[in-house]
Amino acid sequence: MNIYSFLKALGIADPSGSGWLAVVFTFLLGWVVTWRLIPIVRKFALRVGWADQPNARRLNREPLPNAGGLAIYAGVIAALVLASLLRPIELQNVLAQVLTILLGASMLVLVGFIDDQYGLPPSVRLLVQTLTALLLVANRISIHVTFGTPIDSLLTILLTVLWVVGITNAINFMDGMDGLVGGVGFITAMSLLAVSAQFPNRAAATLVLAALGGGALGFLHHNFHPSRIIMGDAGAYFFGYVLAATSILGKLQVNTVFSLVPTVLFLLLPVLDTTQVVVRRLLAGKNPMSTPGKDHLHHRLLAWGLSQRHAALILWGITLLCNWLAMRIQGMSLLVMLATTVGIVILLGFTVWPRIKATEKVRE
């Protein structure tokens, strides 16, 4: 059985295989471009002072470049631009959706980068996040509420804004440990890609997720503990926004509260992490948006004596399990789920194992 026959048996390939050639090509290009750009960005960032300084809250013990998000952004954009120029698949019907997501993501990358280097008030960040969420709604990328009430349109806007802004901040809040968001983002992107590939009306999501997954893997090569660079708010906002937008791209209809369960499961870890942090800080009389602290799930794992690597692997595993449940609830076959899971594990292992071995050699 050749690769096209295998993919067709999984239900995720067109007869010619050209669509999946485009997806694979986009993923590989996002991976390679990000991987190769990181050392260049890191060197420049250290020279100009784009770095997080050690303090009581951060885990790094020396200045750590925080411009990794720029390399991820460049890798994803390069992959999508080249894929669209080569046109291995028809993009006319999805190009507007891809451009909408990239426009909103670009705005957040800029805001995140400014916040990383100079600082911005929470109100400014929240305003831009809200505007980028409304941009999606304006281009019909939204959670469509169909309760049959006169205020369905208003509920559609409110629920979409809440989802996009919430996930964008949840990913950013969780970005406090080497390899965590890179791994969680990669697992979620690949799982969402496997789902979106089942539906012709989600071609835009499939292409964007392929580029994002490749960018996440290329970044993770340099970010797994001990990290050489972090993504900063620019990268975390980019990841959060793109994952939030692609998870609702297509025709996500909500006629009961339970309709949202599969979508939430894909991003359950950042949702739970942010929820427990917000609740704890509110109960303590603190501002949950502007008060940093060591009260996230990964901080608790570290407090129990786990290393950053072990904590990251545990949280990756939880993310994979949640995504497995989400895929199952959406009716994906066990064969597709198994192929997706094995692919994720192999690619993660291929990426982090060399880093582990290199660190062991240095210690020897």
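Below, the figures for the structure above:
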{"quantity": "Those residues of segment 328-343 which are hydrophobic (A, V, I, L, M, F, W, C) and within 20 Å of V264 (Cβ to Cβ), in sequence order", "calculated": "I329, M332, M337"}
{"quantity": "Condition broken by A13, with the remaining ones in (1) within 25 Å of Y241 (Cβ to Cβ); (2) modelled with pLDDT under 90; (3) surrounded by 20 or more Cβ atoms within 10 Å (Cβ to Cβ) satisfied", "calculated": "(1)"}
{"quantity": "Residue satisfying all of: in segment 224-262; aromatic (F, W, Y) and under 24 Å from F113 (Cβ atoms); modelled with the lowest pLDDT among these", "calculated": "F224"}
{"quantity": "Filter pass, L127 being hydrophobic (A, V, I, L, M, F, W, C), modelled with pLDDT of 95 or more and within 20 Å of the chain's Cα centre (by Cα)", "calculated": "no"}
{"quantity": "Among the residues listed as I171, I167, I141, the single one being surrounded by 24 or more Cβ atoms within 10 Å (Cβ to Cβ), at negative phi, touching a residue at least 12 places away in the same chain (Cβ under 8 Å) and outside any helix (DSSP H, G or I)", "calculated": "I141"}
{"quantity": "Residue within segment 22-44 that is at pLDDT 75 or above and at positive phi present", "calculated": "no"}
{"quantity": "Segment 341-364 residues that are surrounded by fewer than 19 Cβ atoms within 10 Å (Cβ to Cβ) and assigned to a helix (DSSP H, G or I), paired with ones that are of a type in the set (F, W, Y) and modelled with pLDDT of 90 or more (beta carbon under 9 Å, 6 or more apart)", "calculated": "I356/F224"}
{"quantity": "Qualifying positions in segment 206-252 - without any contact (Cβ under 8 Å) to a residue 60 or more places away in the chain and on the phi > 0 side of the Ramachandran plot", "calculated": "G250"}
{"quantity": "Selection count, segment 112-165, where residues are under 25 Å from D52 (Cα atoms) and in contact with a Ser or Thr (Cβ under 7 Å, 6 or more places away or on another chain)", "calculated": "3"}
{"quantity": "Answer from V94, V128, V161 - the residue that is among the β-branched types (V, I, T), farther than 24 Å from L297 by Cα and touching a Lys or Arg at 6+ places or on another chain (Cβ under 9 Å)", "calculated": "V94"}
{"quantity": "Test: L180 is of a type in the set (A, V, I, L, M) and under 15 Å from T246 (Cα atoms)", "calculated": "no"}
{"quantity": "The listed residue being surrounded by fewer than 18 Cβ atoms within 10 Å (Cβ to Cβ) and hydrophobic (A, V, I, L, M, F, W, C), out of L127, L136", "calculated": "L127"}
{"quantity": "Pairs with Cβ under 6 Å, 6+ apart, first in segment 298-326 and in contact (Cβ under 8 Å) with a residue 24 or more places away in the chain and assigned to a helix (DSSP H, G or I), second among the polar types (S, T, N, Q) and crowded, with 18+ Cβ neighbours inside 10 Å", "calculated": "N323/S191"}
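The values are calculated or read from the model by the stated rules, or taken from the named source; none is laboratory data. For clarity, every value in this text was computed on a predicted model and none was experimentally measured. Backbone-built Cβ (ideal geometry, glycine too); neighbour counts: all protein chains shown.
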